[in-house]
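Coordinate-derived values only; no laboratory data. No experiment lies behind these values; they were computed from the predicted model shown. Note that each Cβ is placed from the backbone with ideal geometry, even for glycine, and that neighbours are counted across all protein chains shown.
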Amino acid sequence: MIQVELVPGGEVEVDVAAKGGGSENKSKLAMLNPGDSIVEWVLETVPTMGAGWCPPGMLGIGIGGTAEKAALLAKQSLMEPIDMAELLARGARSEVEKLRVELYEKVNALGIGAQGLGGLTTVLDVKIRMHPTHAAGKPVAMIPNCAATRHAHFVLDGSGPAYLDPPSLSEWPDVQWAPDTERSRRVDLDALSQDEVASWAPGQTLLLSGRMLTGRDAAHKRIQDLLARGEQLPVDFGRRVIYYVGPVDPVRDEVVGPAGPTTATRMDSFTEMMLSRTGLLAMIGKAERGPVAIEAIRKHRSAYLMAVGGAAYLVAKAIRSARVVAFEDLGMEAIYEFEVRDMPVTVAVDSRGTSVHDTGPREWRARIGKIPLAVA
């Protein structure tokens, strides 16, 4: 999507946002009445967004104009630098800054936390842009930006190409990840049984090794169509685990490109079919599952595991080999077979239907206790 604004001068200023569907799909728009509270609307709406936007991240809020103008304002606000720490240190100097601080504190008090599992930090910053509007209405749009912020800014002045220096790695912590074998349980996917799946506890961390299958929206729809016609599936899902992912093509010596999980709720309507008709034992994705999927998981003593959203390159480091085994014409949505070693996941829904996306935020909200639960 390209938005162009004509201004005086001889330069072209470009802001680029390469945004994922997980966060964009959680965008919200409301046509409030002039007397309605924006704070109340935000606090009621953020919990309905689930964790598919990969918190902690930013909330961009556009107020005023028309419906489409409010949405554009919200998107544009996300291009601004993260400066909440500086704002809190010096104090708010305007009504808009006061609103930013109030929303920042109260959204974090919801206890949603990183990946929606509960915690103190749900948003890193709240950005707001405003525009005049008709006295009879108050358009408000809220667009989240996930933890993976892929933004770029450059200026063309006619002198030639603009070159961007990559940020120095010294600006990030030197994280040396290694499998936590003391607090995590190792799982052999090639010898997985329903009894082992049933033994996993909500919130438990696992390290997966062995072979798994992949598949997301297009693959599930094709599986559904094949089963409806009574045709045989091209791959056996019996006693297997499926990973909701569309891997990027590899470059150089990679076996696979970035391969982070996609939002699992999009596969909820297929879950009963997959568990009842294919012999599938468990699923891996990101964010929460809805009631229909949770009931199917409980009914079939399955489990839903959550990989880390917003860290696709790092997740791919656990993949040792990758090959297409079905639906090659679907490209990145084809069914792959991955061989993984110590892939870290969290048990998000256990075989009894307990979801940590329900229990975790509820526990943290009670701990924080800064706003009434009725508002949250």
Point to revise | segment 175-228: trypsin sites (Lys or Arg not before Pro) in DSSP loop, at most 12 other beta carbons within 10 Å | key: Arg183
**Study point:** Sequence-distant lysines (8 or more away, or on other chains) whose Cα lies within less than 27 Å of Lys317
**Key:** Lys19, Lys286
**Study point:** Mean Cα-pair separation over length for segment 12-165, i.e. relative contact order, pairs under 8 Å, 6 or more apart, %
**Key:** 43
Check your understanding: Once both axes come from the Cα atoms, what is the angle between helix 268-277 and the longest principal axis of the chain, in degrees from 0 to 90, rounded to 10?
Key -> 0
Study note, to complete from the structure: Note to self: Kirkwood Rh of the chain, Cα pairs, one decimal, Å, is 22.5
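Given a cut-off of under 8 Å on Cα pairs at least six residues apart, what relative contact order in percent is computed for segment 233-376?
On the way: 262 pairs, mean separation 33.8, N = 144.
Worked out over segment 233-376, it gives 23 percent.
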Study note, to complete from the structure: Among Gly158, Met84, Val140, the residue whose Cα sits farthest towards the positive end of the charge dipole of segment 12-165 (+1 at Cβ of Lys and Arg, -1 at Cβ of Asp and Glu, taken about the Cα centre) is Val140
Revision key, fill the gap. So, with points 7 Å from each Cα along the Cβ direction, the Arg323-Glu171 label distance in nm works out to 4.2
Exercise for review: With a cut-off of 16 Å, note down the residues of segment 141-157 whose backbone N falls inside the zone around a label point 7 Å from the Cα of Glu13 toward its beta carbon.
Suggested key: 152-157
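Treat every Asp and Glu Cβ in the chain as -1 and every Lys and Arg Cβ as +1, leave all other atoms uncharged, and give the resulting dipole magnitude about the Cα centre to the nearest 20 debye.
Details: 41 positive and 47 negative charges, 223 e Å.
It comes to approximately 1080 debye.
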Study note, to complete from the structure: Cα pairs beyond 25 Å in segment 185-361, in percent, come to 25
Check your understanding: Got the relative contact order for the chain handy, in percent, Cα pairs under 8 Å and 6 or more residues apart?
Key -> 20
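Over all distinct alpha-carbon pairs, what is the Kirkwood Rh of segment 1-63 in angstrom? Write out the running numbers ahead of the final one.
Values: mean 1/r = 0.0679 Å⁻¹.
Averaging 1/r across every pair of different Cα atoms and inverting gives 14.7 Å.
If we count chymotrypsin sites (Phe, Trp or Tyr not before Pro) as exposed when they sit in a DSSP loop and have at most 13 other beta carbons within 10 Å, what is the longest stretch of the chain that avoids them all?
Formally, the longest exposed-site-free interval is 178-376.
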Check your understanding: Given the Cα-Cα distance of Arg93 and Asn25 and 0.36 nm per residue of separation, how much length would full extension add, in nm?
Key -> 21.2 nm
Exercise for review: Could you check which residue among Pro247, Pro81, Pro55 shows the biggest mean-square fluctuation in a GNM of the chain with a 10 Å Cα cutoff?
Suggested key: Pro81
Revision key, fill the gap. Two pseudo-spin positions, 7 Å from Cα along C-beta at Ala135 and at Asp195, lie apart in nanometres by 7.5
Check your understanding: Let a ≥ b ≥ c be the square roots of the eigenvalues of the Cα gyration tensor of segment 85-160; is it rounded (a/c under 1.5), or, if not, prolate (a/b larger than b/c) or oblate?
Key -> oblate
